[in-house]
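Q: Below is a structure I'd like to ask you about.
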Amino acid sequence: MEREPTFTSELVDRETLLQEQEKRAQKAVDVFDVGWIEKQIVACEEDTKTFPEHAGLNERYIAKLITDGQNFLLKQEAEFPWNATYFWRVALQSNDPYFAGVREQFTGKKATFQEFIEKIKEDLTARTVPQNSWIAGLAEYKNFLVEHNTKLQEITPSIRTYIAKNFISKINPQLDNPKSEEELAARLEEIQLQIRDPLNSSELIGSHNGAENTIGLSLQVLLSEDAEGGKGLSKEALALIAHEAIHALSSGQIVRHTSSRKYEDGMISRDTITSPQWAGLKVAGFAVSRFTWLNEAVTETLGAELVGVAPSGYPEERKLLGLLLVKGKKKLDMRTFVNAYFEKKGYQADESTGVVFWNRMREEIRESFDHDPQFLVKLDILVQNKGVGAAIALLENWDVTNPALINVKEVEKKDEE
């Protein structure tokens with residue numbers, strides 16, 4: 001039996017964060033998660049050199065690693081075929097005898113890329129791909145990722161300059177307290193851009209990790225065609241990076257939330273989440289985070305504006321935001337949301353003024369929607385329990401003369417049924 005968990009939170013000072021970031025920067029290649037197989041193999045080989053008596057055990061473990069890796073690749077191909085595409089392409093170009101033999105089988109034929117893949121998948125399933133070939137394909141793939149991560153580091157300064165310049169010209173005019181060039185440059189300089197391994201990452205496009213000060217990008221972003229401004233990236237790719245950069249520019253001070261559970265036998269388990277207390281309009285907590293949908297809708301809108309393209313991500317969240325702006329008793333001003341988005345909140349809030357724009361945004365929503373002080377929270381609970389679609393349906397049918405009040409208890413009750 002376990003007792004009710006207790007929650008604690010503590011600020012993480014800037015110096016500690018920068019030290020942690022420096023350690024990660026020194027191990028840049030470690031972002032390529034697929035390297036775990038190769039690292040384990042190398043570790044086993046080194047162990048055998050030091051302790052020859054471990055040779056048999058290490059050989060069996062290496063064989064298991066190869067089998068597990070093959071099974072993993074087959075699983076990824078079945079569930080996320082796009083993710084595996086780059087591995088197949090790189091492996092097929094390898095000079096390893098097995099992959100060269102696969103190419104020779106199709107010499108003189110008009111074989112499609114999918115036919116190459118099916119042949120290798122067939123051999124993987126039959127366990128006829130030699131161990132050394134699997135390792136060779138993995139090594140080629142890792143080199144491919146390292147090469148493109150290096151290219152990303154080379155163009156990162158120009159990306160930072162591009163974002164800062166366009167933020168000043170396109171986002172600052174919407175802010176009552178615009179950000180200075182120095183402030184933008186300093187914040188963007190802290191952020192690392194990294195390629196995420198498509199084989200072992202759910203990030204099909206991109207993500208921002210506020211605790212690590214990193215923006216993870218999939219190869220789809222970096223390898224996009226239709227180069228823009230000499231940076232080797234399309235405007236669509238730049239919009240994706242801008243989306244994540246705006247997340248970073250809005251993030252507040254980092255907080256570590258710890259949940260502790262104590263069991264009857266005296267054992268204590270602890271879970272820790274490290275994240276910004278505030279990120280734009282999202283309030284992060286251990287048990288629950290609030291207004292994620294609103295935060296993403298505003299972020300996507302601003303990222304697209306910064307680059308000058310039509311927004312494409314988070315369509316439902318943006319639709320819900322659009323309805324929130326116009327369905328109440330009066331139209332809400334998007335500028336209020338943008339100012340609240342970039343306002344310093346939580347531990348970083350101005351003690352003399354507090355969160356002016358955040359409070360103004362909440363008050364305008366309250367006045368517009370039947371003077372309900374908890375309307376935005378109730379809308380968020382509806383999203384979390386029933387999905388964005390349910391909230392869209394509510395506002396699409398909203399009648400200001402006869403508002404459909406959100407009964408939070410009823411929503412939660414139905415969710416449990």
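The values are calculated or read from the model by the stated rules, or taken from the named source; none is laboratory data. Remember, it's a predicted structure, so these values are computed and weren't measured experimentally. With ideal geometry, Cβ positions are generated from the backbone for all residues, glycine too; neighbour counts draw on all protein chains shown. Keep in mind that these areas ignore ligands, DNA and RNA; they rest on the heavy atoms of the full protein, side chains included. Shrake-Rupley method; radii C 1.70, N 1.55, O 1.52, S 1.80 Å.
Q: Looking at segment 109-116, can you tell me whether even one residue there is among the polar types (S, T, N, Q), open to solvent by less than 90 Å² (accessible area, probe 1.4 Å), part of a helix (DSSP H, G or I) and under 30 Å from residue 191 (Cβ atoms)?
A: no
Q: Is there a residue being more than 31 Å from the chain's Cα centre (by Cα), farther than 30 Å from residue 237 by Cα and at pLDDT below 90 anywhere in segment 314-332? I'd like the intermediate steps shown before the answer.
A: As a first pass, look at segment 314-332 and keep what is more than 31 Å from the chain's Cα centre (by Cα): 327-331.
Those left that are additionally farther than 30 Å from residue 237 by Cα: 327-331.
Checking the rest, the ones that are also at pLDDT below 90 come to none.
The answer is no; no qualifying residue exists.
Q: So residue 384 ticks every box in (1) at pLDDT 90 or above; (2) open to solvent by 40 Å² or more (accessible area, probe 1.4 Å); (3) under 20 Å from residue 176 (Cβ atoms) but one. Which box is left unticked?
A: The one condition residue 384 does not meet is (3).
Q: Every residue in segment 163-180 that is exposed (fewer than 13 other Cβ atoms within 10 Å of the Cβ) and outside any helix (DSSP H, G or I), please.
A: Within segment 163-180, 176, 177, 180 qualify.
Q: For segment 57-98, how many residues meet the condition of being of a type in the set (Gly, Ala, Ser), surrounded by 14 or more Cβ atoms within 10 Å (Cβ to Cβ) and assigned to a helix (DSSP H, G or I)?
A: Within segment 57-98, residues that are of a type in the set (Gly, Ala, Ser), surrounded by 14 or more Cβ atoms within 10 Å (Cβ to Cβ) and assigned to a helix (DSSP H, G or I) number 3.
Q: Scan segment 56-71 and report the pairs whose first residue is within 15 Å of residue 123 (Cα to Cα) and whose second residue is open to solvent by 50 Å² or more (accessible area, probe 1.4 Å), with Cβ atoms within less than 7 Å and a gap of 6+ or a chain change.
A: Final answer for the pair search is 66/131.
Q: Please count how many residues of segment 306-345 are in a loop (DSSP other than H, G, I, E, B), closer than 23 Å to residue 245 by Cα and in contact with a helix residue (DSSP H, G or I) (Cβ under 8 Å, 6 or more places away or on another chain).
A: 9
Q: Another question, then. Looking only at segment 81-105, count how many residues are farther than 19 Å from residue 142 by Cβ and hydrophobic (A, V, I, L, M, F, W, C). Lay out the reasoning, then the answer.
A: Step one: filter segment 81-105 for residues farther than 19 Å from residue 142 by Cβ, giving 81-82, 97, 100-105.
Going one step further and asking which of them are hydrophobic (A, V, I, L, M, F, W, C), we end up with 82, 100, 102.
Residues that pass the stated criteria total 3.
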